[in-house]
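Asks: The structure follows.
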Amino acid sequence: MMNFGIDAQSWRALSVVIGVAVMLSSVIPAAAQTTGRAIDVANYQGADREQRLTDGAKREGSLTLYSNAPTDDNTALVGAFEKKYGIKINLYRASSEEIRQRAVNEARARRFDVDFILNNAPAMEALTSEKLLVEVKSPHVANLMPAAIPSHRSWVGFCLNVLVQAYNTNLIKKADLPKTFQDLLDPKWKGKIAIEADDSDWFAGLLEVMGSEPGERLFRSIAETNGFSVRKGHTLLTNLVSAGEAPLALTVFNYTAEQLKKKGAPIDWFVIEPLISMPNSIAVAANAQRPHAAVLFFDYMLSDAQKILADRDYVVTNTKIASPIERSKLHVMDSAKVLQDGEKWQRLYTQVISSRN
């Protein structure tokens, strides 16, 4: 063998270095290679897009989904997708913050389990800043309302979480409902107003529209005059209204209240403007191990799933599908700004509302 003037000891040392380099090249760039595959799949816009995605997804065999959606909604979405495409979905359901932390921690540990994430928009903004998401050039994005599409397009909003007001129909007459937040200063509401413990983003949206000083002053006055019953969890709060424990709630999701109403519960919802909403969002993980299945699910969430969600009383972002709330009336929060100013608004919300239980 020709050694080009390298002595035996140096040759052995060089061989070790080359061996280590080869070994590292097969391990360290794996994430980058996977990222490259995810980007290639996400960028494909050919006429055979759906067929190519379907064939690739069938080869991959499954999809790992992290979702903060309610269990029943996850079941409906996952079931319809699996039935249509025959692709198994491995679901991890948790809170928005738990999902964000898990995705970040796994990426830092170079474990890339998740293929697809469904979560609220501020949490997605945090993952975007970590470069853990990849833009998907889906043809269905063109059907979405502009407020659902951030400029970076690393995620898109598939529905809007709209916080409305709800009341127990056995305890409060529709004619007596407040028409403005100012009406909540009436002494008849003393001890009857419930609110969720962590809706600082909703509060930020209100004050953004109402004006910071007058809005803060109004809610301080409501707290001092009639008080707030602070509860943790929107689903719990809605159920408490239905049960009569909370006669009036200021922050419940419209779809949860409507679903209970349709089941015959003594609950209904109404709107006190301004109507604040936040995108609930979807994204493909940049290091998705099953990129075809992930992009296929992305397209599904913006097409077939939009009708499924609309039937479940969600405000979907596909403008071709009817909404239970007129979209033009919605004030959609800037998710990046919510993430940036979140701590400030949480402190104020706690001071004005949560601590006045």
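The values are calculated or read from the model by the stated rules, or taken from the named source; none is laboratory data. Computed from a prediction, not measured in an experiment: that's the story for all the values here. So basically every Cβ, Gly included, is an ideal-geometry build from the backbone, and we count neighbours across all protein chains shown.
Asks: Out of the range 38-57, which residues are closer than 20 Å to residue 112 by Cα and either over 25 Å from the mean Cα position of the chain (by Cα) or modelled with pLDDT under 80 (or both)?
Replies: Across the range 38-57, the qualifying residue is only 56.
Asks: Considering each residue of the range 104-158, count those that are polar (S, T, N, Q) and in a loop (DSSP other than H, G, I, E, B), and give that number.
Replies: Within the range 104-158, residues that are polar (S, T, N, Q) and in a loop (DSSP other than H, G, I, E, B) number 3.
Asks: Can I ask one more? Which residue pairs have Cβ atoms closer than 8 Å, lie 6 or more positions apart in sequence or on different chains, and pair a first residue in the range 46-59 that is assigned by TED's automatic domain parsing to the domain that holds residue 82 with a second residue that is exposed (fewer than 13 other Cβ atoms within 10 Å of the Cβ) and not in a helix (DSSP H, G or I)?
Replies: 52/46; 58/86
Asks: Search the range 245-255 for residues being assigned to a strand (DSSP E or B) and modelled with pLDDT of 95 or more, and hand back the single one that is farthest from residue 276 (Cα to Cα).
Replies: Selected residue: 248.
Asks: Sticking with this one: For residues in the range 108-147 being more than 14 Å from residue 284 (Cβ to Cβ) and of a type in the set (Gly, Ala, Ser), which is nearest to the chain's Cα centre (by Cα)?
Replies: Across the range 108-147, the extreme among qualifying residues is 121.
Asks: Ok, one more. With the structure loaded, tell me whether residue 69 is surrounded by 13 or more Cβ atoms within 10 Å (Cβ to Cβ), in a helix (DSSP H, G or I) and touching a residue at least 40 places away in the same chain (Cβ under 8 Å) or whether it fails that test.
Replies: It is false that residue 69 is surrounded by 13 or more Cβ atoms within 10 Å (Cβ to Cβ), in a helix (DSSP H, G or I) and touching a residue at least 40 places away in the same chain (Cβ under 8 Å).
Asks: Starting from residues that are modelled with pLDDT under 95 and in contact with a Ser or Thr (Cβ under 9 Å, 6 or more places away or on another chain), keep the ones in the range 231-244 and report whichever is surrounded by the most Cβ atoms within 10 Å (Cβ to Cβ).
Replies: Only one residue tops the list, namely 234.
Asks: Follow-up. Among 64, 75, which is the only one that is within 22 Å of residue 305 (Cα to Cα) and in a strand (DSSP E or B)?
Replies: When all the criteria are applied, what remains is 64.
Asks: Here is a further query. Quick one: count up the residues across the range 159-181 that are closer than 27 Å to residue 319 by Cβ and in a helix (DSSP H, G or I).
Replies: The total comes to 0.
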